[in-house]
Amino acid sequence: MESVAGGAIAILDQEPLNYGSTSSSQPYNSPQSCCSSISLYSYTTDMDPTTFIREAAGRRYNAWQNTLYMLPSDQPEFLRHDKQHRMLQLALGSLYPDPQVVETILTPQGNERISILDLGTGSGAWCIEMAQAFPHADVVGVDLVVNASRTTPPNCRFEFDDINLGLSHFHGQFNLVHSRMIVNGLANYVSFLDDVVACLKPGGIVIMVEGDIRPYHEDKVTHYAPADLEAEGGSWWARVCLEAFQIMKNRGSSIDGSDEVENGIQHPDIVVCRTGTVFVPLGPWATGTTPEQNASLAEQGTLMAENAQEFVNALSLLFAEAGYDHDMVRQWLQRVNNDLDNRGNKREYVKYRYAWGIKRDS
């Protein structure tokens, strides 16, 4: 056993736990971890989560060797994740697309213990709500840094890990594997997809949700052009996101894997696949055909605008490490914030893609 930070966290070389077993032989808040030779940690309240973070530019970031994911891992960022979570829940109409399909798969057969894996769990909101909705299931959330402030149900646990190191310790154990908004932290989308499908039990389902950072006009077809300091017009949100996209790609991120989600779960072991898109207004300007739709769109738009504002302001370290001029970036961010403060003056949509696929039975 190798200890980290004075024994606060332990890496245990043991047989991996089987989350898909018919009974739970391991308490879900145990300091032991489901691990192989790859480092994987199980969070408990007596552990020090600061072991996994570093401070820079007034924010906290993951302290792993993963240099791809350059967004903060602190309470303000977790609160942003919560807003994004609620916004996507409203846009999808549920915690997941196509509820009837998902709920059928999560119905236990005989003595089977249902198991759910959330990769890139962020604030942990999706995991916790899934654990509450499916008390008969064991829910595992994995991220570089987990939200230590949350109280989890007894059937929910979080693991510290870098999924780029591989998921072989999870293979064949889950009825549902879920990921959302994580491609910017992936080194290889194709390898990630292979690993994800391998984590499924036969007949299990994978669900992926990713965003298109390019804002759309009200017609939901054409993109806004990026704004420029030397010209009028365009979208400052598009400008900042385009620059961030290119930096992330240059650092080795598979951020363009978000485009692949629109093409579905392309894998030989996936026998049923569906895709879809939702458009979320950037600000509370959109209306529907009923009072309920109006209320939902207003909340989605407000949350999306707040999420966008907090997202761009979290990019400062990314731009600084890429060598961007500080004053230029400051002007960009100020103009994005001005646009978002005047919500509705520029009617922009943000597109989210989702795909789900079911693994062959044998």
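A few notes on this one:
- Leading residue by the ranking (surrounded by the most Cβ atoms within 10 Å (Cβ to Cβ)) among those in segment 97-152 that are of a type in the set (Ser, Thr, Tyr) and in contact with a strand residue (DSSP E or B) (Cβ under 6 Å, 6 or more places away or on another chain): THR121
- Here is the figure for segment 275-294: residues that are in contact (Cβ under 8 Å) with a residue 12 or more places away in the chain and among the β-branched types (Val, Ile, Thr) total 4.
- Residue count, segment 289-326 (criterion: among the charged types (D, E, K, R), farther than 24 Å from GLY252 by Cβ and surrounded by 13 or more Cβ atoms within 10 Å (Cβ to Cβ)): 3
- Segment 62-96, residues that are farther than 28 Å from VAL280 by Cα, touching a strand residue (DSSP E or B) at 6+ places or on another chain (Cβ under 8 Å) and either among the aromatic types (Phe, Trp, Tyr) or assigned to a strand (DSSP E or B) (or both): ASN62
- Out of VAL145, VAL190, sole residue that is under 24 Å from TYR69 (Cα atoms), out of contact with any Leu (no Cβ under 8 Å at 6 or more places or on another chain), not in a loop (DSSP other than H, G, I, E, B) and not polar (S, T, N, Q): VAL190
- Boolean, LEU282 is more than 18 Å from the chain's Cα centre (by Cα), crowded, with 20+ Cβ neighbours inside 10 Å and either over 15 Å from ARG86 (Cα atoms) or of a type in the set (A, V, I, L, M, F, W, C) (or both): yes
- Total residues in segment 266-306, condition in contact with a helix residue (DSSP H, G or I) (Cβ under 7 Å, 6 or more places away or on another chain), aliphatic (A, V, I, L, M) and closer than 22 Å to ASP98 by Cα: 3
- Odd one out for VAL329, checked against (1) under 13 Å from CYS241 (Cα atoms); (2) surrounded by 20 or more Cβ atoms within 10 Å (Cβ to Cβ); (3) not polar (S, T, N, Q): (2)
- Residue in segment 155-176 that is without any contact (Cβ under 8 Å) to a residue 40 or more places away in the chain, under 27 Å from ARG60 (Cβ atoms) and of a type in the set (Lys, Arg) present: no
Any read-out appearing in this document is the output of simple, stated calculations on the displayed coordinates, not a laboratory observation. The structure displayed is predicted, hence computed values, not measured ones. Here the Cβ is made from the backbone with ideal geometry for all residues, glycine too, and neighbour counts use every protein chain on show.
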